[in-house]
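To keep things clear, I will list the structure first and then write my remarks on it.
The values are calculated or read from the model by the stated rules, or taken from the named source; none is laboratory data. Everything numeric in this text was worked out from a predicted model, so none of it was measured. Cβ placement follows ideal geometry from the backbone for every residue including glycine, while neighbour counts extend to all protein chains displayed.
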Ligand code: NAI
Ligand code: MG
């Protein structure tokens, strides 16, 4: 049995988490789920957005499922703290088109590999007399390890092109380090048998944002710094049916936390209409991380069928089902697979 920490969070976080658990519970005796709290409602209950107990539970689990939290200015970010504490240095965000889902492109399959431990999300900000400053921390170590992981993911997924996205023409020192680290690792990896066929190139982030809309097929794997990766992945979500569609894996050397790319969506929270796809796909990524490749595939196939049939889908997908009705439809197909 896998020990899984479940952090539902706020807003639609608990709604999509309940939906994903409902589906996963169709695999009997596979998971031991333990719930932990984090986020804004947790802050009101306990005085902190991320209790030590939650961090310990996540550290001692095989994996963590995280819904979404509402972040309030002045409060510590629960998700960034967890990423740091568990040393989840990579955030993998697959941007895929699914049959039946109205998308700008219906044949996309690219992966954004986002550096997850530093950059502008280092959380080092201070007020000054004139306003405020934030520290953009870029280390060679983190830049090299994320590039290595991008190469490994490329081969794992049978991809042949890897693009580094940066802004080294303006952020000369910080993105200069990121870019140099990328090319250093690329030279090493290109010399290895398994990686020699991967074509590597670089694009400035502003141009990348445009190409993602006009010609996303030029990208297969994109590797970038923390903030750029965050922005580009929401942009990517917009190409494949919206934020309800895109999952993510936060990976370290010995732990993993899986969460949708979207946030707590206060505009639709409490209505039972959140699309559970991103969370169910995050569960699929968790299954892969645990080595349960067959189960992951089965679950993904079940979800594909529900999306394609368009009978039990949520309003953002043009349907009129609730989050749980859609999850139930996925579960039924999963059980039959
Ligand atoms: P958001 O991702 O929560 O929502 C953006 C838009 O997408 C909204 O219109 C929302 O209704 C829609 N949307 C998101 N997920 C959906 C789903 N599953 N099904 C259907 N529609 C969906 O981003 P927003 O509004 O900028 O942020 C809301 C809160 O979430 C903020 O407090 C923010 O800080 C937090 N946030 C938390 C994240 C996390 O927990 N990892 C990530 C991003 C934002
Ligand atoms: Mg984001």
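Among the numbered criteria (1) in contact with a strand residue (DSSP E or B) (Cβ under 7 Å, 6 or more places away or on another chain); (2) more than 16 Å from ligand 2 (Cβ to nearest atom); (3) more than 24 Å from residue 31 (Cβ to Cβ), which one does residue 315 miss?
Single failed check for residue 315: (1).
If you go through segment 70-88 one residue at a time, how many are away from ligand 1 (no atom under 12 Å from the Cβ) and in contact with a strand residue (DSSP E or B) (Cβ under 7 Å, 6 or more places away or on another chain)?
2
Inspect all residues belonging to segment 66-80 and state whether any of them is more than 16 Å from ligand 2 (Cβ to nearest atom) and modelled with pLDDT of 95 or more.
So far as segment 66-80 goes, no, none of its residues is more than 16 Å from ligand 2 (Cβ to nearest atom) and modelled with pLDDT of 95 or more.
Name the residues in segment 314-337 that are in contact (Cβ under 8 Å) with a residue 40 or more places away in the chain and not in a helix (DSSP H, G or I), would you? Write out each step before concluding.
Step one: list which residues in segment 314-337 are in contact (Cβ under 8 Å) with a residue 40 or more places away in the chain, which gives 314-318, 322-324, 326-328, 330-331, 334-335.
Result: 314, 318, 322.
For residue 34, state whether it is without any contact (Cβ under 8 Å) to a residue 60 or more places away in the chain and in contact with a helix residue (DSSP H, G or I) (Cβ under 7 Å, 6 or more places away or on another chain). Give the steps one after another, and end with the answer.
Numbers: without any contact (Cβ under 8 Å) to a residue 60 or more places away in the chain: yes; in contact with a helix residue (DSSP H, G or I) (Cβ under 7 Å, 6 or more places away or on another chain): yes.
Yes.
Just the residues that are crowded, with 16+ Cβ neighbours inside 10 Å, without any contact (Cβ under 8 Å) to a residue 40 or more places away in the chain and away from ligand 1 (no atom under 14 Å from the Cβ), please, taken from segment 212-243.
Within segment 212-243, just 212 meets the criteria.
If a residue must be near ligand 1 (Cβ under 10 Å from one of its atoms) and either touching a residue at least 60 places away in the same chain (Cβ under 8 Å) or surrounded by 24 or more Cβ atoms within 10 Å (Cβ to Cβ) (or both), how many such residues does segment 258-290 contain?
Final tally of qualifying residues: 16.
Go through segment 156-191 residue by residue and tally those that are outside any helix (DSSP H, G or I), in contact (Cβ under 8 Å) with a residue 40 or more places away in the chain and farther than 26 Å from residue 291 by Cα. Spell out the reasoning first.
The initial filter retains those residues of segment 156-191 that are outside any helix (DSSP H, G or I), namely 157-173, 191.
After this cut, where a residue has to be in contact (Cβ under 8 Å) with a residue 40 or more places away in the chain as well, the list is 157, 159-167.
Those left that are additionally farther than 26 Å from residue 291 by Cα: 163-167.
Matching residues across segment 156-191 total 5.
Suppose we filter 203, 246 for residues that are crowded, with 23+ Cβ neighbours inside 10 Å and either touching a strand residue (DSSP E or B) at 6+ places or on another chain (Cβ under 7 Å) or under 22 Å from residue 118 (Cβ atoms) (or both); which single one remains? Please lay out each step first, then the result.
Numbers: 203 fails: crowded, with 23+ Cβ neighbours inside 10 Å.
Sole residue among the options that is crowded, with 23+ Cβ neighbours inside 10 Å and either touching a strand residue (DSSP E or B) at 6+ places or on another chain (Cβ under 7 Å) or under 22 Å from residue 118 (Cβ atoms) (or both): 246.
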